[in-house]
1. In nm, to one decimal, how far is the Ser48 label point from the Gln26 one, both placed 7 Å along Cα→Cβ?
2. Tell me, in nm to one decimal, what length is gained between Glu41 and Gln76 on full extension, where the rule is 0.36 nm per residue of separation less the Cα-Cα distance?
3. Carbon and sulfur together cover what percent of the accessible area of the range 44-93 at a 1.4 Å probe radius?
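The values are calculated or read from the model by the stated rules, or taken from the named source; none is laboratory data. Everything numeric in this text was worked out from a predicted model, so none of it was measured. Please note: Cβ atoms are built from the backbone with ideal geometry, for glycine as well, and neighbour counts cover all protein chains shown. The area values use the complete protein model at the heavy-atom level, side chains included, leaving out ligands, DNA and RNA. Shrake-Rupley method; radii C 1.70, N 1.55, O 1.52, S 1.80 Å.
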Amino acid sequence: MMSTSKSIFSPASGTGPFDRNQAERQLALEYLAEAWNGAEEDGLESASLAHASLFAALATFVRLHGEEATADLISQLPDRIRNGEYNLERVLQ
(Lines give C-alpha, C1' and ligand atoms only; values in the text may rest on other atoms or scores of the structure.)
Protein backbone atom coordinates (compact mmCIF):
# COMPACT_ATOMS: atom_id res chain seq x y z
CA MET A 1 0.00 0.00 0.00
CA MET A 2 1.27 3.45 -0.88
CA SER A 3 1.96 5.93 1.87
CA THR A 4 0.21 9.27 1.68
CA SER A 5 3.12 11.37 2.85
CA LYS A 6 4.29 14.20 0.61
CA SER A 7 7.25 13.18 -1.51
CA ILE A 8 9.88 15.07 -3.45
CA PHE A 9 7.71 14.45 -6.50
CA SER A 10 4.57 16.05 -5.09
CA PRO A 11 3.91 19.39 -6.80
CA ALA A 12 3.39 22.31 -4.44
CA SER A 13 0.20 23.23 -6.28
CA GLY A 14 -1.32 19.78 -5.86
CA THR A 15 -1.56 19.25 -9.63
CA GLY A 16 0.94 17.55 -11.88
CA PRO A 17 2.38 18.81 -15.16
CA PHE A 18 0.81 15.90 -17.03
CA ASP A 19 -1.31 16.44 -20.11
CA ARG A 20 -2.53 12.84 -20.46
CA ASN A 21 -2.65 9.72 -18.33
CA GLN A 22 -2.36 11.97 -15.28
CA ALA A 23 -3.68 9.45 -12.76
CA GLU A 24 -1.40 6.65 -13.94
CA ARG A 25 1.63 8.90 -14.09
CA GLN A 26 0.90 10.30 -10.63
CA LEU A 27 0.62 6.74 -9.26
CA ALA A 28 3.91 5.87 -10.96
CA LEU A 29 5.52 8.92 -9.31
CA GLU A 30 4.20 7.78 -5.94
CA TYR A 31 5.81 4.36 -6.42
CA LEU A 32 9.09 6.00 -7.46
CA ALA A 33 8.93 8.40 -4.51
CA GLU A 34 8.49 5.49 -2.12
CA ALA A 35 11.53 3.72 -3.58
CA TRP A 36 13.50 7.00 -3.64
CA ASN A 37 12.71 7.73 0.01
CA GLY A 38 13.74 4.20 1.00
CA ALA A 39 17.04 4.54 -0.87
CA GLU A 40 17.75 7.87 0.83
CA GLU A 41 16.98 6.29 4.21
CA ASP A 42 19.58 3.66 3.32
CA GLY A 43 22.14 6.41 2.74
CA LEU A 44 22.10 6.93 -1.02
CA GLU A 45 22.60 10.52 -2.16
CA SER A 46 19.83 12.31 -4.08
CA ALA A 47 22.23 13.13 -6.93
CA SER A 48 23.12 9.45 -7.37
CA LEU A 49 19.44 8.53 -7.40
CA ALA A 50 18.69 11.25 -9.93
CA HIS A 51 21.47 10.09 -12.28
CA ALA A 52 20.38 6.47 -12.01
CA SER A 53 16.75 7.46 -12.61
CA LEU A 54 17.64 9.50 -15.69
CA PHE A 55 19.69 6.62 -17.08
CA ALA A 56 16.87 4.13 -16.48
CA ALA A 57 14.29 6.48 -18.00
CA LEU A 58 16.37 7.24 -21.09
CA ALA A 59 17.28 3.58 -21.61
CA THR A 60 13.58 2.70 -21.40
CA PHE A 61 12.62 5.40 -23.91
CA VAL A 62 15.34 4.19 -26.31
CA ARG A 63 14.10 0.59 -25.97
CA LEU A 64 10.45 1.59 -26.51
CA HIS A 65 10.77 4.37 -29.09
CA GLY A 66 14.29 4.21 -30.54
CA GLU A 67 17.30 6.46 -30.33
CA GLU A 68 16.12 9.17 -32.73
CA ALA A 69 12.71 9.67 -31.08
CA THR A 70 14.37 9.75 -27.65
CA ALA A 71 16.92 12.30 -28.84
CA ASP A 72 14.08 14.45 -30.24
CA LEU A 73 12.27 14.27 -26.90
CA ILE A 74 15.41 15.17 -24.96
CA SER A 75 16.15 18.10 -27.27
CA GLN A 76 12.93 19.73 -26.00
CA LEU A 77 13.96 19.51 -22.35
CA PRO A 78 16.03 22.70 -22.01
CA ASP A 79 13.08 24.93 -22.95
CA ARG A 80 10.66 22.91 -20.83
CA ILE A 81 13.01 23.15 -17.84
CA ARG A 82 13.45 26.89 -18.33
CA ASN A 83 9.66 27.25 -18.56
CA GLY A 84 9.32 25.69 -15.11
CA GLU A 85 7.68 22.40 -16.10
CA TYR A 86 9.95 20.48 -13.72
CA ASN A 87 9.91 22.95 -10.85
CA LEU A 88 7.79 21.31 -8.17
CA GLU A 89 7.64 24.53 -6.15
CA ARG A 90 6.00 26.73 -8.78
CA VAL A 91 2.30 27.40 -8.40
CA LEU A 92 0.17 26.58 -11.43
CA GLN A 93 -2.64 29.02 -12.10
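1. For Ser48 paired with Gln26, the spin-label model returns 3.3 nm.
2. 9.3 nm
3. Summing carbon and sulfur atoms, their accessible area is 58 percent of the total for the range 44-93.
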